[in-house]
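Quick notes on the structure that follows.
The values are calculated or read from the model by the stated rules, or taken from the named source; none is laboratory data. Remember, predicted model here, so these are calculated numbers, not experimental data. Methodologically, a virtual Cβ is constructed for each residue, glycine included, from the backbone with ideal geometry; neighbour enumeration extends over all protein chains shown. Just so you know, the surface numbers come from the protein's heavy atoms only, side chains and all, with ligands and any DNA or RNA stripped out. Shrake-Rupley method; radii C 1.70, N 1.55, O 1.52, S 1.80 Å.
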Amino acid sequence: MPQPAAAVADGTEARTGGPSAGSEFAPLLRAVKDQGLLGRRYAWYARVIAVNALALAGVVTGLVLIGDSWWALLLAPPLAVLFARTAFIGHDAGHAQITGDKSVGRLIGLVHGNLLLGLSYSWWNTKHNRHHANPNHIDKDPDVAADVLVFTGEQAGDREGWRGWLTRNQAWLFFPLTLLEGVALKVHSFQDLRRQPPRERALEGTLLVAHVAAYTTLLLTVLSPGKALAFAALHQALFGLHLGLSFAPNHKGMEMPDPNGERWGHLRRQVLTSRNIRGGALTDWFLGGLNYQIEHHLFPSMPRPHLRLAQPLVRAHCRELGIAYAETGLVDSYRQALRHLHEVGEPLRAQ
């Protein structure tokens with residue numbers, strides 16, 4: 001499975017922007033390596049994975065003990081939060097943050113993605129690595145391709161009818177749309193099976209089906225059909241919302257490289273398109289370390305607990321080079337992202 005994003009941690013991609021671009025990143029890379037921040041944190045991840053597994057088992061046990069009651073719906077929110085924790089573990093496995101052994105990393109990703117979430121590890125990893133290689137690049141980053149949402153005036157220009165209405169109102173609709181993200185990820189995962197080679201398709205498909213079967217069996221065994229449907233709807237909606245709250249602040253409203261302009265080196269390409277979120281331990285936990293988006297993009301294979309330690313080095317290096325280092329509060333990050341979506345839709349509202 002290709003993992004190009006992880007390669008930049010050793011400086012490989014930094015050289016593709018030419019000597020000057022590479023020299024901007026090289027001193028920072030040396031400083032990070034000298035402090036051992038690219039080293040593994042096996043015990044930390046083992047603890048995170050074990051606690052998450054126990055918490056998931058606890059919620060399932062609680063669901064069984066409560067039985068066929070509307071009170072069971074109270075467990076949907078914590079289960080949504082734990083599903084997001086599970087997604088963060090799969091994300092870290094895909095970036096080789098947990099282990100340098102690709103086979104072990106893939107196993108962790110398959111368990112936490114396909115089996116526990118019903119989300120294809122291969123599909124997500126391939127798509128996400130393309131994003132990391134060229135964040136916010138309109139021609140190369142799948143996360144800013146025109147779809148339900150659009151991110152540039154050019155993308156918005158030819159939207160008509162239903163899509164035009166979506167674009168005009170996309171800032172207001174963004175968070176409501178994330179309520180569907182949990183289901184959308186499952187749909188994309190099954191659709192991607194057609195792209196995968198036979199052996200990978202068989203394994204990933206089997207795990208995806210196993211997830212759907214186990215999830216459905218659990219709910220229908222414990223709850224009546226109506227309560228089961230209500231639980232699933234609430235759980236999946238809150239899971240999607242949590243993911244939306246975690247990913248929305250990272251790049252929306254940040255610089256978007258001109259496809260026909262000067263090619264940025266690794267340092268500028270990652271820093272100028274990313275936004276960090278201020279906060280303490282609770283923010284780190286809630287956003288799964290993605291609040292250190294700049295450091296994560298510069299060093300994708302850096303273990304999650306080291307990102308906050310690398311931040312002072314990255315911030316100082318950017319200050320020395322005169323490169324803008326974007327950092328704001330959580331609420332303001334949403335305001336900036338939604339303002340950008342609102343501005344993109346402005347020409348259609350003026351018609």
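Name all residues of the range 57-99 having a backbone nitrogen under 18 Å from the label point set 7 Å from the Cα of residue 285 along its Cα→Cβ direction, giving them as ranges. Flagged as within label range: 57-59, 77-89.
Once the 1.4 Å probe is applied to the protein heavy atoms, the range 26-172 comes out at 46 Å² accessible per residue.
Distances between every pair of Cα atoms in the range 283-347, grouped in 10 Å steps from 0 to the bin holding the largest one, split as 19, 41, 30, 9, 1 percent.
Between 293, 97, 336, the residue with the greatest mean-square fluctuation in the GNM of the chain (Cα pairs under 10 Å linked by springs) is 336.
What angle do you read, to the nearest 10 degrees and between 0 and 90, between the alpha-carbon axis of helix 181-192 and the longest principal axis of the chain? Tilt relative to the chain: about 80 degrees. For the range 268-330, the list of trypsin sites (Lys or Arg not before Pro) that fall in a loop by DSSP and count at most 16 other C-beta atoms within 10 angstrom reads 278.
I need the GluC sites (Glu not before Pro) found in the range 132-230, filtered to DSSP loop residues with at most 15 other beta carbons within 10 Å of theirs. Spell out each step's value before the answer.
Numbers: sites: 154, 160, 181, 200, 204; in loops: 160.
Of the GluC sites (Glu not before Pro), the ones in loops of the range 132-230 whose Cβ has at most 15 other Cβ atoms within 10 Å are 160.
Comparing mean-square fluctuations of 226, 153, 240 from a GNM of the chain with C-alpha springs under 10 Å, the top value falls on 226. Note on the chain: helix-only mean residue ellipticity at 222 nm, from DSSP H runs of 4+ residues weighted -39500 (n - 2.57) and normalised by residue number, equals -19500 deg cm²/dmol.
Counting only Cβ charges, +1 for Lys and Arg and -1 for Asp and Glu, the dipole size of the chain around its Cα centre is about 540 debye. Full extension of the chain between residue 60 and residue 30 yields a length gain of 6.2 nm, computed as 0.36 nm times the residue separation minus the alpha carbon distance. Annotation note: trypsin sites (Lys or Arg not before Pro) in the range 137-203 located in DSSP loop regions with a Cβ neighbour count of at most 15 within 10 Å are 140, 194, 195. Once you divide the Cα radius of gyration of the range 182-268 by 2.2 N^0.38 Å, the number left is 1.60. Placing pseudo-labels 7 Å out from each Cα toward the beta carbon at residue 50 and residue 163 gives an inter-label distance of 5.1 nm.
Could you look at the chain and say what percent of its accessible area is carbon and sulfur, using a 1.4 Å probe and all protein chains?
Numbers: 10150 of 16010 Å².
Solvent-exposed carbon and sulfur of the chain make up 63 percent of the total.
For the range 187-337, what is the accessible area per residue in Å² when the probe is 1.4 Å?
Accessible surface, normalised per residue, equals 44 Å².
The calculated FRET efficiency for the pair residue 199 and residue 350, based on their C-beta separation and a Förster distance of 51 Å, comes to about 0.45.
About the Cα centre, and with charges only on the beta carbon of Lys, Arg (+1) and Asp, Glu (-1), how big is the dipole of the range 297-351? Nearest 20 debye, please. With Lys and Arg at +1 and Asp and Glu at -1, about 180 debye.
Applying the Karplus relation 6.51 cos²θ - 1.76 cosθ + 1.60 with θ = phi - 60° to the range 206-223 yields 3J(HN,Hα) values of 4, 5, 5, 5, 4, 4, 4, 5, 5, 4, 5, 4, 4, 5, 6, 6, 8, 10 Hz, where x marks Gly and Pro.
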